[in-house]
Amino acid sequence: MSQEAPEVLMSKSIRLTVGQALVRFVAKQYVERDGRENRFIEGFWGIFGHGNVSGLGQGIVECAQEEGLRFYRPQHEQGMVHISAAFAKHRNRLSTFACTTSIGPGALNMVTGAGVATVNRLPVLLLPSDYFANRVPDPVLQQIEHPSERDVSASDAFRPVSRFFDRISRPEQLMASLPEAFRILTDPAETGAATVSLPEDVQAEAFDWPIEFFEKRVWHVRRPLAEPELIKEVVSRLQKAECPIVITGGGTIYSEAWAELKAFTEEFGIAVTETQAGKGALNWNHALNAGPIGSNGGTAANELATEADLILALGTRLTDFTTASRSQFQNPRVQFVGVNVAPMDASKCAALPVIADVKRILPELAKALRDVVYKGTDDRYRQRLTKLKDQWDKRVTEIRTIKENESALSELNVIGLVNEAAGGKATVVCAAGNMPGELLRLWRPEDPKAYHLEYGFSCMGYEIPGGIGVKLAEPERDVVVMIGDGTYLMMNSEIVTAVAEGLKLTIVVVDNHGYQCILGLQRICGVADFGNELRFRDKKTGTLTGEYVPIDFKKHAEAMGAHAVFAPTAEEITKAVQEAKQRNGVTVIVAPVDPEKRMPGLGTWWDVPVAEVSAAEETRKTRENYEKIIKKQRSIFA
Ligand SMILES: Cc1ncc(C[n+]2csc(CCOP(=O)(O)OP(=O)(O)O)c2C)c(N)n1
Ligand SMILES: [Mg+2]
């Protein structure tokens, strides 16, 4: 008998380094949803160092162009992860980028970006480098030498902020690891940052890879159907409900369910309330759009939510801002129905967890409701909604409008002016400061992809890279980044990247001399103004209470290659935004505003703990009030 293996079982192989194999594998991964197919990873972002220059870097030089994958060079590792996450968000999670860094500081600079991606459920493939797997040159430059755990490295910091983590200490591990990373990245319920840490020696090592590893693979992006028993239960709950509302979250947008949302709510006359990730799914002036809900919510949505007896939560994480730290829902009989692809989100607030895709469930649910001849909400409900919405829309217009005889602008005015000049189809991008709450209330998007807020991590610094990500995802779209002065000072350098890439981008810097939203919060918590404004150190007191530190943002932006405009008046802001629309390249518009012209109180609340003991009378009084308010919180729903 022959000892030779039968020929059919012998796979052909190709000898490549780990870096080269990784590029070739990534190029062959596709996604498909609703019969539409596209490549999942659009290209590589990277900053090189000794950790990746000759390993994955060499692989990118040799293979990426040939495979049709573009390479981009950012100015900061965190920036490139934000760009990738924003790109993925705008593309409804159907494509993203891979990001490569060196070891140590380069790798750690990506950790914050990983947190942003994971919290917001946005896919990014992160490829930090790691110290030598063979340990020979230890300690290599930038190696953290853990005194007792030899296998711990800086890359372990990715574990809590990633949905997938692996370290490749032998080449062939890639064949197990990469498919699993892509399964998670392309699963709407599990997605987030997938981190594959690559020791620098292993990246350059060769292996004989079976050619099947590089065959095209199409990942189906699932749209789960609801269980029929649960649909029945939702129908029965809706039939009993007198004041149902929908909360629409990011899931509605990612599943592209805007037509279904409109049809469903129109058929049954149910009010739609919006979260940061869900705003825009229904046009702002649609009769059923009651506006934003929760801590940053408006009067219409919040009044309905206070009394609601049934909450149909569609694709939302039900964060503290949405639930007003669990104080928003005061009807003792209130019940939640959680429609979500992710079981964790579907079950929040003791909801009936319906694991389903929003686009799929709404027509199904409508049919089941028709079968039982459910007519929807009554006339009283609808009249009330119309009245509340009308009041809220008027209030928004009033808040945005410049008061007569007032010379200094508020940032609320600036938002109104920019929105008017940019139009409702331009995508507005923001993440931190006062503006996310103000935009949620005041911005009027006229397209489901015209409102892009990163409010899962609310990460200062996401804004400019975020704008780049959106622009790369849809080059035809006008993109307007709204950014506070404090955030601009923290991360502005990706302007250079936008200039280098020849991207057309409008960036509005709202200058109110520092971290005014935190100063506002400080006051709400009964703490004296401290450490938030950008002021000189006072020579006499030794504290940061001197004059404002003047920053010439216009000059700063010009130095990076942007066209910059200082626009202190309404007319100048409008003109600058209109001109930016006509101009190619990056335009930075600097709008100085009066820091004390703040959003009027709308009776909303967000739980930020107040000191239980204090020498200050103001803090003690605030604590008393805080103890009253927290009684409204509901840690348990039945
Ligand atoms: C990376 C990061 N650090 C700290 C915070 C906490 N934080 C939220 S907003 C803010 C100040 C933002 O200042 P600016 O951009 O000027 O906006 P403004 O508050 O003035 O509206 C801070 C420190 C954060 N969200 N992200
Ligand atoms: Mg500021």
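Might you tell me the accessible area per residue for the chain, computed with a 1.4 Å probe and given in Å²?
Spelled out: the 1.4 Å probe surface of the chain, per residue, equals 42 Å².
Given the Cα-Cα distance of ILE630 and CYS525 and 0.36 nm per residue of separation, how much length would full extension add, in nm?
36.4 nm
Per residue of the stretch 46-61, in order, report the coupling 6.51 cos²θ - 1.76 cosθ + 1.60 (Karplus, θ = phi - 60°) as ³J(HN,Hα) in whole Hz, putting x for Gly and Pro.
The phi angles translate into x, 10, 8, x, 4, x, 10, 5, 9, x, 4, x, 4, x, 5, 4 Hz.
Rg and Dmax of the stretch 451-530 over Cα atoms: what are they, in angstrom?
14.7, 47
Hey, if we sort GLU145, GLU32 by accessible area with the 1.4 Å probe, largest down, what's the order? List each step's numbers first, then the result.
Values: GLU145 95, GLU32 40 Å².
Result of the area sort, largest leading: GLU145, GLU32.
What are the residues whose amide H is under 5 Å from the amide H of ARG167, where those residues sit 5 or more places off or on another chain and H is modelled from the backbone?
For ARG167, the qualifying residues are SER197.
Keeping the other protein chains in place, figure out the carbon and sulfur percent of the accessible area of the chain, with a 1.4 Å probe.
Numbers: 14270 of 26790 Å².
Roughly 53 percent, rounded to a whole number.
Pick out, from ALA570, PRO609, ILE636, the residue whose Cα sits farthest towards the positive end of the charge dipole of the stretch 565-636, with +1 on the Cβ of Lys and Arg and -1 on the Cβ of Asp and Glu.
Sorting the options by dipole projection puts first ILE636.
So which aspartates and glutamates pass the test for LYS597, namely a Cα distance under 13 Å, with those fewer than 8 places away in the same chain ruled out?
GLU406, GLU411, GLU438, ASP511
Could you estimate the translational diffusion coefficient of the stretch 430-471 from the Stokes-Einstein equation, with Rh from the Kirkwood formula over C-alpha pairs, at 25 °C and 0.890 mPa s, in whole µm²/s?
Diffusion coefficient, whole number: 229 µm²/s.
Report the charge-dipole magnitude of the chain in Debye, nearest 20, computed about the Cα centre from +1 at each Lys and Arg Cβ and -1 at each Asp and Glu Cβ.
Magnitude of the dipole: close to 1400 debye.
Given bins 10 angstrom wide, list per bin the percent of all Cα-Cα distances in the stretch 577-622, short to long.
Result returned by the calculation: 17, 21, 26, 17, 13, 7.
Mind listing the phi-derived Karplus ³J(HN,Hα) values for the stretch 18-23, rounded to whole Hz, using 6.51, -1.76 and 1.60 with θ = phi - 60°, and x for any glycine or proline?
For the stretch 18-23, the Karplus-derived couplings read 4, x, 5, 5, 4, 4 Hz, x marking Gly and Pro.
To the nearest 20 debye, what charge dipole does the stretch 379-479 have about its Cα centre, counting +1 at the Cβ of each Lys and Arg and -1 at the Cβ of each Asp and Glu?
That gives the stretch 379-479 a dipole magnitude of about 540 debye.
Work out the length of the dipole vector of the stretch 71-222 about its Cα centre, built from +1 on the beta-carbon of each Lys and Arg and -1 on the beta-carbon of each Asp and Glu, and round it to the nearest 20 debye. Working shown, then result.
On the way: 15 positive and 18 negative charges, 183 e Å.
With only Lys, Arg, Asp and Glu charged at Cβ, the dipole is about 880 debye.
I need the Debye-formula profile for the stretch 141-197: one equal scatterer per C-alpha, no solvent, reported as log10 I(q)/I(0) at q = 0.31 1/Å, two decimals.
-1.20
Among the aspartates and glutamates, which fall within straight-line cross-link reach of LYS540, defined as a Cα-Cα distance under 20 Å, with same-chain neighbours fewer than 8 residues apart omitted?
Correct list for LYS540: ASP529.
Around VAL334, which amide H atoms from residues at least 5 apart in sequence, or from another chain, sit under 5 Å from its own amide H, with H modelled in the peptide plane?
When sequence neighbours closer than 5 places are left aside, there are no close amide H contacts.
List the residues, sorted by chain then number, that are 5 or more residues from VAL481 or on another chain and whose placed amide H is less than 5 Å from its amide H.
Sorted by chain and number, the residues that satisfy this are VAL429, THR506, ILE507, VAL508.
Enumerate the aspartates and glutamates that LYS28 could reach by cross-link, defined here as Cα to Cα under 13 Å, with residues fewer than 8 away along the same chain left out.
Straight-distance partners of LYS28: GLU37, GLU42, GLU66, GLU67, GLU212, GLU215.
Work out how far the C-alpha atoms of the stretch 392-472 reach from end to end along every principal axis, then list the three figures in whole Å, largest first.
Taking max minus min along each principal axis of the Cα atoms, the stretch 392-472 gives 41, 25, 21 Å.
Give me the Kirkwood hydrodynamic radius of the stretch 1-114 in Å, from all C-alpha pairs, to one decimal place?
In the stretch 1-114 this quantity evaluates to 15.8 Å.
Among VAL339, GLY437, SER327, whose Cα projects farthest towards the positive end of the dipole of the stretch 288-442, with charges put on the beta-carbon of Lys, Arg (+1) and Asp, Glu (-1)?
Value: VAL339.
Hey, what do the phi angles of the stretch 204-217 turn into as Karplus ³J(HN,Hα) couplings, whole Hz, using 6.51/-1.76/1.60 and θ = phi - 60°, x for Gly and Pro?
Those phi angles translate into 8, 6, 9, 8, 8, 8, x, 5, 4, 4, 9, 6, 4, 10 Hz.
Given a cut-off of 49 Å, what percent of all Cα-Cα pairs of the chain lie beyond it? Present the calculation step by step, with values, prior to reporting the outcome.
Numbers: 32516 of 203203 pairs.
So the pairs more than 49 Å apart make up 16 percent of the total in the chain.
In Å and on Cα atoms, what radius of gyration and Dmax does the stretch 87-184 show?
Spelled out, the Cα radius of gyration and Dmax of the stretch 87-184 are 14.3, 45 Å.
Return, for the Cα atoms of the stretch 180-240, the radius of gyration and Dmax in Å, separated by a comma.
For the stretch 180-240, the Cα-based Rg and Dmax read 20.9, 66 Å.
The values are calculated or read from the model by the stated rules, or taken from the named source; none is laboratory data. A quick note: this is a predicted structure, and the numbers were derived from the prediction, not measured. As a convention, Cβ positions derive from the backbone with ideal geometry for all residues, glycine included, and neighbour counts pool all protein chains shown. Ligands, DNA and RNA are excluded from the accessible area calculation, which covers all protein heavy atoms including side chains. Shrake-Rupley method; radii C 1.70, N 1.55, O 1.52, S 1.80 Å.
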